[in-house]
Structure formats: structure tokens, C-alpha cells
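Asks: Below are the C-alpha cells for one structure; questions will follow.
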Amino acid sequence: MTEQAALPAISTATPYYIAKSNVCVNSQKQSIGNGVFAGRKFGAGEEITAFKRPLVASLETERLSDTCANCYVWTEGSSTGTRLYVPEGTRVSKCAACQRFWYCSKACQKEAWNRGHKHECKMLTSMAGKQPPIPKAFLACMEVLIRRGHRLISDDDWEQLCRLPSHIEDFKQDGRCENIEMMAMGASRTFSHKDFDKDFIAAMYGRIISNALTLITPTLDPLGIMVDPTLCSVNHACNPNAYIMMDGPRVSLRTLRPIKKDKEIFISYIETTNPYHIRQEELQSRWFFTCRCAKCQKGTTLQEDMWKIPANPEFVVSAQDKQSMASSQEQTFKVYDKIQHLADPKVVIPVIEQALQICHESHFWPIHRQPYAALRDELILHLLAEGKYTDAWAQCAKRYKYILPKLYPVPFHPVRVVQAWQMTMLAAYLASTEYGVGVPGVQMGLIAMMLVKQVLDVAYLSHGPENAFTMSVKRKAEEMIGELKKCLGNADHEVMNRELEVQRDMLMEMGDWAKDGEALAALENFEMAEKAFSV
Ligand SMILES: [Zn+2]
Ligand SMILES: [Zn+2]
Ligand SMILES: [Zn+2]
């Protein structure tokens, strides 16, 4: 959200414009901030606007040595081949002087050097090896100031950046201000620029911490943070009509749903599938606001807050039931937070499986309620890392059948597309092994082909036709179809289509293979209904 200020009139013929927001309002319903609006009508799955790169970005400390600091190609981290868009053999090597940033090519290094690294490299050299590592937001702040000091940021960008709120008063309230001011004090000594005093730097640092978006790969892996004055002006909603997509350094704003001309554009800053109170807590603590989006206005009455209860209309949810739901949710979120700090799949897998079993046996958790669903995502990643491919496959099939359509009803929602792609590549891998999934009649090759075609159809909308991800899916689809044609020779089309139907049914059946707990499975036969209420 940007602070209110006089803005130059922008023609609405442009794809978007910045104006007073309808959601950033004070208690008297007066607008207190700006938002980004559609300058024309957009369909679903369209690009609203794109930038060659964000104004500034900063990699996670762990990503520094395996990611290009210019084009953001992440060279490591793929275990399942979902990142086919990264050219084989891509390596990064470090800047010999500061030893902080790594680049995938001489061209990338040169580009970054001229964009401003030449003015900061020396300073970073003196900070090399410092422990604890310098926060990424602080590095982004320094880069912005250094580049502006050398007139490498345009007046327009600079003005728009400075209009973003710094939230210094909020940081004072939550106790983080002291640290911000200390960092700013240290930084102010390195600037001879008269405008960059301690308070100005503290405000800029606060602005970057509280407005940064996540820097991602096309498969949504988080790499760090980015700040762009336009994109950071897009407000949040828990039922957004748009989202940010990246392709290397290129960053675009795309529509999730059709947007009428002059309607405000929203993205989501958080995981919108979480229950109401979790969303509000996160938005309040990280972005300092209470969300009043259309979804939040419905409070705890929506799917995210549903529990399963017996369908019998006379069944009354007791205070005790509510209490056990609340504590179960708290426990499950605790497990979810805990596993974020555990790396060894051998340790993590049993922890997740136990949590899934508890959710399952409690009988009031719908399979798509968070973090029950998010725990399964983690389980899949760890099973893949452990090489337990058939187990991972059963979980993917369950997610594909029961969870993705519920959580992401828009078929080209980027999360849904990327998770379906993960499943596709797993199917392709299993098809290449001798036993597949070890069940007669299941033809993983055909299932993989069916999935790759589905992913390709939606990738045009989720990522756009030019995105490296879409092009890699297209190449894979062509390769698989070519192989299949070779195998089939002149096979009958009708026979082929019938076989595909059979495999589609098989895929749906496989969605029921994975069980979160066998013990009380018999109780499943009770008829349950989903009902929302606050706990
Ligand atoms: Zn590069
Ligand atoms: Zn350097
Ligand atoms: Zn909301």
C-alpha cells in the first residue's frame, strides 16, 4: 500500500494506473492509501504488465552460492526434474573481489556490474565472511541507496519507491525498530550523500522489509525478496484477482480472474488457503494491517474454516468439541512450523505421517483444511528426496483428486499447475522404471502423457506462452508424444482413446491408495458434512 500523495494523472489507456484504494481505509472509511487499478478490461490468465526485472532484489543467504545474482537462475535444488527450464550444466561462479555474488555467465556479471555492483563491491568486500550474515533486506536497502547515489535509479522510480510506507511507527511498536536504527546508523557512515542520513536510511530499510515481495523461480521456489515500486503498490486480498509470476529476472503481473476496467487489482501476500484467524495474524504481524477483503468480510464462514461434523441435523457441536478442534489446529500448525526447521527426510517423514494420522483419526479435519493439506505437500517433497517414489506417487494422486481442485478452483492457479507438473514428472520417471507403480494394468507412460497435456494447456494461462517453464513443458510433451508414436506404430486412434479413458479412471482410483491412518478407517462410513464455525 502506498501512502497518499498527489499523483500525476495517468491515462487509463495504459494497462494499469495507480489511484486511491478502496480497501486502504481508516475507521471513518476514508481512503488512506493507493492501489493499482486495471486500465482496461482483462480476461482470466492474461498478463497485465511486466518488467524486465524488479527494481531491486536480494537472495536468501543460502541461495547466494547456487543462484545467479543477475538472472536468478537457481542451479541446484531439483530432485524430481521439475525444473527442466534450467539449461543442463548451468553453473555459477563468484565475483572474485567481494566473493558474495555468484553469476551464471560473464554477460550476467557484466550486466550486474554496470547496474550498480561496481559501486558496492568494495564495501561488500570489507563485510565478507561477517557472522551473522547480513540480512537480505538490508543488502537490498544498501543497493538501492548506492544506485540512487550514483544516479542509476530514475527520478520516477525513486519517487514511487519513497511513496511506499516505511512503517517505522509500527516497527517501534513491535520492538524491531532498535535493530533497524542500529543498522541505519552503521550504514549512514558509508554515505557521503547528504540526503542519506540515519533516519532516511532507517525509513528505507523499514520500507523494504515491509513491502518486499518474494523473488521466485517459475516453479515458485522462493529465492529471496524483491522490491518494485509498481508491483509493491498492488494491495492484498485473500481472494486475489491477480498474482506475480517470474521468468528469470522478468517479473509479471497476471490475472487469475477476469478484471473489469477501473477495478482494483489484488494479489495475495500470504497463503490464502489458511483459516481466517491465521491469515489475519500473519497480515497484522508482517504487513501491519487488518484485512477487510471480500473474503475476510465473511469471517469464519467459508471453506477454510470448515470442520467435518456428522450430517445428522440434530447433531450439536459441544463446547468440548470446539475446544478439541481449536487445540488440534494449534498442534497441527506447530508440527508444520517445526518441520520447516528439519532437513533430514528420515526424521521428518515419521513426524508428518503421525500428524496426518492424528488429523485423519480426529474425524473433523476435511482433507483440504490447512495445514493438513500443507503437511501432505511437505510429505511429498521429503518422500521424493528419500527416493520413495511410489509412496510419493500415491500422495500426489490423492492431492490431485481431492485437494487441488478444492483449494485452487481456478484450474490454472500457479500452485495447482506447479504441483500437477511435479506429479507429471514423477509419472514420467515411474514409467521409465521396470515396475512403474507395481500394479498390473496401470500404464504410467500414458498417465504421464495425459498429465503433461493437461499441464501444457494451463501453463499458457498460468505462466504465459513465452515463459521458460511453459516452453520446457511443451518440449517434454512433444518428446513424450514422439516416443509414444514410435511405440504404437500405426495403432488405431479409437483403441488409443479408449485406453486413455481406462488410464484416467486408474489415475482417479490411485487417489484413494494413500491412507493417513488405517486404524479407524471403518468409521469413515459415517456420513459427514462440512460446516464452518469459529473455534
Ligand atoms: Zn545469470
Ligand atoms: Zn563483487
Ligand atoms: Zn482478507
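Asks: Computed on alpha carbon atoms, what radius of gyration and Dmax characterise region 56-213, expressed in Å?
Replies: 16.7, 52
Asks: Quick one: dipole size for region 71-200, taken about the Cα centre, charges +1 on Lys/Arg Cβ and -1 on Asp/Glu Cβ, in debye to the nearest 20.
Replies: Values: 20 positive and 17 negative charges, 156 e Å.
So the magnitude is around 740 debye.
Asks: Right, another one. Mind ranking Met183, Met423 by accessible surface for me, highest first, 1.4 Å probe? Can you show the working numbers first?
Replies: Details: Met183 40, Met423 5 Å².
Largest accessible area first, the list is Met183, Met423.
Asks: Find the all-direction average of the projected area of the Cα convex hull for the chain, expressing the result in square nanometres with one decimal place.
Replies: Numbers: hull surface 115.3 nm².
About 28.8 nm², averaged over all directions.
Asks: How large are Rg and Dmax for region 167-311 when calculated on the C-alpha trace, in angstrom?
Replies: So, for region 167-311, Rg and Dmax equal 18.5, 71 Å respectively.
Asks: Cα centroid distance between region 116-146 and region 400-433, in Å?
Replies: 39 Å
Asks: Something else about it: Length gain on complete extension for the stretch Leu342 to Gln173, per 0.36 nm per residue less the alpha carbon to alpha carbon distance? Present the calculation step by step, with values, prior to reporting the outcome.
Replies: Working: separation 169, 0.36 × 169 = 60.84 nm, distance 3.17 nm.
Additional length available on full extension: 57.7 nm.
Asks: Ordering Ser166, Ser432 by how much accessible area each has at a 1.4 Å probe, largest first, what is the list?
Replies: Ser432, Ser166
Asks: Testing the spin-label approximation: label points 7 Å from Cα along Cα→Cβ at Glu478 and Arg115. State their distance in nm.
Replies: 3.0 nm
Asks: Here is a further query. Test of understanding: given the chain, find the longest segment containing no GluC sites (Glu not before Pro) that are in a DSSP loop and have at most 10 other Cβ atoms within 10 Å. Display every interim value, and only then the final one.
Replies: Details: sites that count: Glu88, Glu314, Glu434, Glu518, Glu527.
Answer from the scan: 89-313.
Asks: Sticking with this structure for a sec: Could you calculate the FRET efficiency of Arg292 with Ala44 from 1/(1 + (r/R0)^6), where r is the beta carbon distance between them and R0 is 30 Å, rounded to 0.05?
Replies: Efficiency, rounded to the nearest 0.05: 0.75.
Asks: Averaged per residue, what accessible surface does the chain expose to a 1.4 Å probe, in Å²?
Replies: Here the residues of the chain average 49 Å² of exposed surface.
Asks: With the cut-off at 1.5 for a/c, could you classify region 271-343 from its C-alpha gyration tensor as rounded, prolate or oblate?
Replies: Oblate, since a/c reaches 1.5 and b/c is not below a/b.
Asks: Assuming 0.36 nm per residue, please report the length gained on full extension of the stretch Val439 to Thr190 beyond their Cα-Cα distance.
Replies: 83.0 nm
Asks: Report, in deg cm²/dmol and to the nearest 500, the calculated mean residue ellipticity at 222 nm for the chain, where each DSSP H run with n ≥ 4 adds -39500 (n - 2.57) and the sum is divided by the residue count. Provide the component values of the computation, followed by the final result.
Replies: Values: 18 runs with 232 residues, N = 535.
The per-residue figure over the chain is -13500 deg cm²/dmol.
Asks: Express the carbon and sulfur contribution to the solvent-accessible surface of the chain as a percent, rounded to the nearest whole number, probe 1.4 angstrom.
Replies: That share works out to 53 percent.
Asks: Mind giving me the nanometre distance, one decimal, between the label points for Met508 and Gln354, set 7 Å out from Cα along Cα→Cβ?
Replies: Here the answer is 3.8 nm between the modelled labels.
Asks: Within region 106-210, list the trypsin sites (Lys or Arg not before Pro) lying in a DSSP loop whose Cβ has at most 10 other Cβ atoms in a 10 Å radius.
Replies: Here the trypsin sites (Lys or Arg not before Pro) that fit, given the DSSP loop and packing criteria, are Lys130, Arg151, Arg189, Lys194.
Asks: Measuring from label point to label point, each 7 Å out along Cα→Cβ, what is the Glu281 to Glu501 span in nm?
Replies: Once both label points are built, they end up 5.0 nm from each other.
The values are calculated or read from the model by the stated rules, or taken from the named source; none is laboratory data. Fair warning: this is a prediction, and the values are worked out from it, not measured in the lab. Quick reminder, even Gly has a Cβ in these numbers, built from the backbone with ideal geometry, and neighbours come from all protein chains shown. All accessible areas refer to the heavy atoms of the entire protein, side chains included, with ligands and DNA or RNA removed. Shrake-Rupley method; radii C 1.70, N 1.55, O 1.52, S 1.80 Å.
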